[in-house]
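The values are calculated or read from the model by the stated rules, or taken from the named source; none is laboratory data. Remember, it's a predicted structure, so these values are computed and weren't measured experimentally. Methodologically, a virtual Cβ is constructed for each residue, glycine included, from the backbone with ideal geometry; neighbour enumeration extends over all protein chains shown. Heads up: the accessible areas ignore ligands, DNA and RNA and are worked out on the full protein's heavy atoms, side chains in. Shrake-Rupley method; radii C 1.70, N 1.55, O 1.52, S 1.80 Å.
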Amino acid sequence: MFTEENLRRVEEIKKRYPKPMAALLPVLWIAQEQFGWISEEAMHYVGGLLGLPFNHVLGVVTFYTMYNKKPVGKYNIQFCANISCMLRGADNLIEHLEHKLGIKVGETTSDGLFTLKEVECLGSCGTAPMMQVNNDYYEDLTSEKVDNLLDEFRKQAQR
Amino acid sequence: MSDATKLYAQNGDPGFPRIVLPEIPNLAQMETYESNGGYAALKRALEMDPAAVTDVVKKSGLRGRGGAAFPTGLKWTFMPKGNEKPKYLAINADESEPGSFKDRQILEFNPHQLIEGILIASYAMGIKAAYIYIRGEYYKWYKILEKAVEEAYSRKYVGENIAGSNFSVDVYVHRGAGAYICGEESGLMESLEGKRGYPRVKPPFPAQNGLWGNPTTINNVETIANVPAIIWNGAEWFAKIGAEKHPGTLLYGVSGHVNRPGVFELPSGTLLTDLIYKYAGGVIGDKKIKMVIPGGSSMPPLRGDQLEGVKMDAESLKGVGSAIGTGGVIVMDEDTNLTKVLLRITKFYWDESCGQCTPCREGTGWMKKILQRMYDGGGKAEDLDLLVRVANNIEGNTICALGDAAAWPVKFTIQRFRKELEEELASQERSAAA
């Protein structure tokens, strides 16, 4: 399951809190980092590491939007649709992405490269419209910039 | 060390200081921060009595920058004096209010001033461990913070016997995982404990019963980043900046239909029109303004004809029927579709409602349905009163403030733009009849 290195990280993280339950969010992040998403099997495993019942872990995983409850594409596109981005054309860019990728919001391309999600405010209102792809922010977007980024991701994936 | 004045209040002009975002390149680097006098305020604080440190913060008039504008020093005095139980500090870096993007600037450009503030606050309250709770999406800034905290440990500013004193404290960065409600302080504590971020019923308040049942104080990033400057320059210096009852600078974030959106550090009480026209470059295409939300999406909006003379501080905005919130100003031009805006805002609160309290969980869904119907052209004249009734049934009837945050934009937009919305609904009814 977890790599040696990740098991060592779990032990380090547990030391930061008086109760092991507090390590749950950070350890779930490690799980998502290693497996790409959080399966029921992973929830059982993480629960076992921290001495927590499965139903508690399941409750937490399903409460927080960033834990992937099913596999996502290699590039997980999360487009901000909230007010400041909306005022600066986010709707059009989301439609543009749907058209370009041939999928609807919430879907993954058949080649497994891209997942498209609409998300709430990402704290980039001054550089709207914007999207987060995996861990990175891409801001002040236009349709040209979005196209260039998709090309760039496709090239990266071939390497 | 003589440069510390420059660091903690760049430009030296008491009328126009840059306290938390000084224009010093590479300030996020430990070497730069130290060579500009950084951590000097910590050393000074460690020579003072802890209660005296709290006293300076209290006298400065510093108020919380996370939305409620509660007096910071007073909040610190709620913490018990003894050491029967371990005491904790939680820093709220869960910035998620639509229209707010200011704390991120501190995390990116001045993380050490935040850490220094955390250490001073910890000394003042006798904190055992401080946790910086940062929203999961802010991965880049999480990494920046982790590095800054590591550097501070290696320079002995954090950990055992900090800066050669008898005081020890640990600082940890804790990453959330996507939930607006974790910006509510009791939701934040639940989340930090490894649970769903359900807000707690208050009382008991965090200072009595916070993290793991122990005394806890929760402060916002910007609030704490002000503390080193206050300790260095004194309470009187700070109290003289900006608005009398809400002193200091504020990080104003301006977004929406403006030419130069961004974050501006300016004295509290800056004119809203100056923010929009002087700093944010005015409205795109020189259009008129229809609506401005002055403090993040949950604050009551103002009409374009209400902006003249409005000052951006807690008291002044209260006077015009709104609130300073997080200082996130969202500007909307004359062509903005109000129903679309309300639908968008309501969808957000519906999505982010944790589901504990029925009025919020159900009410946000009903408001969303009505607004969707209006947006799709099937609205009825009575929809406005129905929306207000639903909003009134949410407001004040929930454990946390998310309920009010969902109710206010709907209620106050209808109150302030009633005529326009009525005309829109009348035209929808006419075309439905035809």
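Brief remarks on what is shown
- Among the helices (runs of 4 or more DSSP H) confined to segment A:1-81, the ones with at least 2 residues that are of a type outside the set (Asp, Glu) and surrounded by fewer than 16 Cβ atoms within 10 Å (Cβ to Cβ) are located at A:4-14, A:40-50, A:54-63.
- Every residue from segment B:298-350 that is surrounded by 23 or more Cβ atoms within 10 Å (Cβ to Cβ) and of a type in the set (Asp, Glu): B:Asp313
- Filtering segment A:113-141 to residues that are part of a loop (DSSP other than H, G, I, E, B) and without any contact (Cβ under 8 Å) to a residue 40 or more places away in the chain leaves A:Gly123, A:Asn135, A:Glu139, A:Asp140.
- The condition of being away from chain A (no Cβ under 14 Å), within 24 Å of B:Ala52 (Cβ to Cβ) and more than 20 Å from the chain's Cα centre (by Cα) holds for only one of B:Ile162, B:Ile218, B:Ile230, that being B:Ile162.
- The condition (being at positive phi and among the aliphatic types (A, V, I, L, M)) is satisfied by just one residue among B:Ala163, B:Ala130, B:Ala121: B:Ala163.
- Leading residue by the ranking (least open to solvent (accessible area, probe 1.4 Å)) among those in segment B:399-422 that are closer than 16 Å to B:Ser298 by Cα and in a loop (DSSP other than H, G, I, E, B): B:Cys400
- Which listed residue, of B:Pro111, B:Pro17, B:Pro50, B:Pro98, is modelled with pLDDT under 95 and open to solvent by less than 50 Å² (accessible area, probe 1.4 Å): B:Pro17
- Subset of segment B:179-215 [of a type in the set (A, V, I, L, M), within 14 Å of another protein chain (Cβ to nearest Cβ) and either open to solvent by 10 Å² or more (accessible area, probe 1.4 Å) or under 20 Å from A:Pro20 (Cα atoms) (or both)]: B:Ala179, B:Leu188, B:Met189, B:Leu192, B:Leu211
- Among residues of segment A:34-64, those that are closer than 23 Å to B:Tyr172 by Cα and in contact (Cβ under 8 Å) with a residue 12 or more places away in the chain, counted: 10
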